Each structure stands twice: as structure tokens, then as C-alpha cells.
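**Q** For reference, the structure I am asking about is given below.
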Amino acid sequence: MSGSGMVKPESGAFAELPVSWASRAERQHGKTSPEELIAAAHAACYNMAFSNGLAKAGHKPDRLNTRAEVEFVPGKGITTITLTVRGHVPGIDKAEFEKEAEAAKEGCPVSMALHGNVELRLHATLE
């Protein structure tokens, strides 16, 4: 409960990051948590899947901004991840944007890894 450590990706994409129990369940104070890293990975994966799906449907996005919020409950673990995406996509209507957003939520590899274990929510806004 009072220990801490470091995490660093093998790719060298970022420097070592400090992790601790307090950053996971209480307060961050400049340290990350496994849940924050999962949120970042999920947001990136989702954004790539959504962009690809839109392009394949003939709607190349100008901009997609995705945020993932992980709900962590001590003793239970990760219970919910909420993806919030805002996008500017020329030539698409709200219904098709939302359909493609949902397909990306179901089809991105991180979502598929979490499926059945974590409730996935989505808020998609076409700007």
C-alpha cells in the first residue's frame, strides 16, 4: 500500500513513469497508474479504429479527439471505461457518425480484450 515503482515501455516511446498505490486509488501527485495507461492505450486504439472505419466508409476525418476514463473500484478492479470522442468529419451525418463510432468501440483490439470484463460506454459528438 505504501510502495512505489517505475514503468517504461520497451519501445522507448516515453521515459520511465512512477507508479504507486496512491496514484491508483487516492491521489496522483505526478505519478501514473496501470488504469491511466490502459485509458491512454484504449483512447489511442479506439481513435485509430474509428479513423480507419470512417475512411473506409468514404468519410476521411479532419479531426478526432478521444478521451478514455477508467473507473477503478478498490477490491473490484476496473469496472467501466467511458470513451468520449469529438470529431470533425466533412460530409457525414450524425447517425452515420454514431454508427461508425459504435463499430469502432466494438472492433478496436483493446475494446475486444476488455469485452465481457469491463462495461464499455461511448459518447460520440459530431462537431
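**Q** Take the chain, mark every one of the trypsin sites (Lys or Arg not before Pro) that falls in a DSSP loop and has at most 16 other Cβ within 10 Å, then report the longest stretch left between them, sites excluded.
**A** 77-127
**Q** Next question. Of the listed pairs Lys76/Lys105; Lys8/Lys76; Lys8/Lys94, which have alpha-carbon separations greater than 30 Å here?
**A** Listed pairs above 30 Å: Lys8/Lys94.
**Q** Let me ask another. Could you compute the FRET efficiency for Val7 and His123, with r as their C-beta to C-beta distance and R0 at 30 Å, rounded to 0.05? Before the final figure, lay out each step's value.
**A** Details: r = 29 Å, r/R0 = 0.95.
Calculated transfer efficiency: 0.55.
**Q** Report the calculated FRET efficiency for Glu71 and Met48 (r = Cβ-Cβ distance, R0 = 30 Å), to the nearest 0.05. Mind showing how you got there, number by number?
**A** Working: r = 23 Å, r/R0 = 0.77.
Calculated transfer efficiency: 0.80.
**Q** So what's the projected area for the chain, the Cα convex hull averaged over all directions, in nm²?
**A** Mean orientational projected area (the chain, Cα hull): 8.8 nm².
**Q** Sticking with this one: Can you give me the angle between helix 34-56 and the longest principal axis of the chain, using Cα atoms only, in degrees from 0 to 90, rounded to the nearest 10?
**A** Computed tilt is about 10 degrees.
**Q** Which listed residue (Gly107, Leu120, Leu64) has the Cα farthest towards the positive end of the charge dipole for the stretch 38-126, taking +1 on Lys and Arg C-beta and -1 on Asp and Glu C-beta about the Cα centre?
**A** The residue sitting most towards the positive pole is Leu64.
**Q** Once the piece of chain linking Ala41 and Ala55 is laid out straight, how much longer is it, given 0.36 nm per residue of separation minus the C-alpha distance between them?
**A** Contour length minus the Cα-Cα distance gives 2.9 nm.
**Q** Identify, among Ala49, Ala15, Ser33, the residue whose Cα sits farthest towards the positive end of the charge dipole of the chain, taking +1 on the Cβ of Lys and Arg and -1 on the Cβ of Asp and Glu, with the dipole about the Cα centre.
**A** Working it through, the farthest residue towards the positive pole turns out to be Ala15.
**Q** On to the next question. Which value in nm describes the separation of the simple spin-label points at Lys99 and Arg86, placed 7 Å from the Cα toward the beta carbon?
**A** The two pseudo-label positions are separated by 2.6 nm.
**Q** Using only the alpha-carbon atoms, how far is helix 94-107 inclined from the longest principal axis of the chain? Give it as 0 to 90 degrees, nearest 10.
**A** For 94-107 against the chain, the angle is about 40 degrees.
**Q** Can you work out ³J(HN,Hα) from phi for every residue in the stretch 111-117, in order, using Karplus 6.51 cos²θ - 1.76 cosθ + 1.60 and θ = phi - 60°, giving whole Hz and x for Gly and Pro?
**A** 4, 5, 5, 8, 3, x, 10
Read-outs: derived from the displayed coordinates by stated rules, not from any lab. Owing to the predicted nature of the structure, the values given are computational and were not obtained by experimental measurement. Virtual Cβ from ideal backbone geometry, glycine too; neighbours counted across all protein chains shown.
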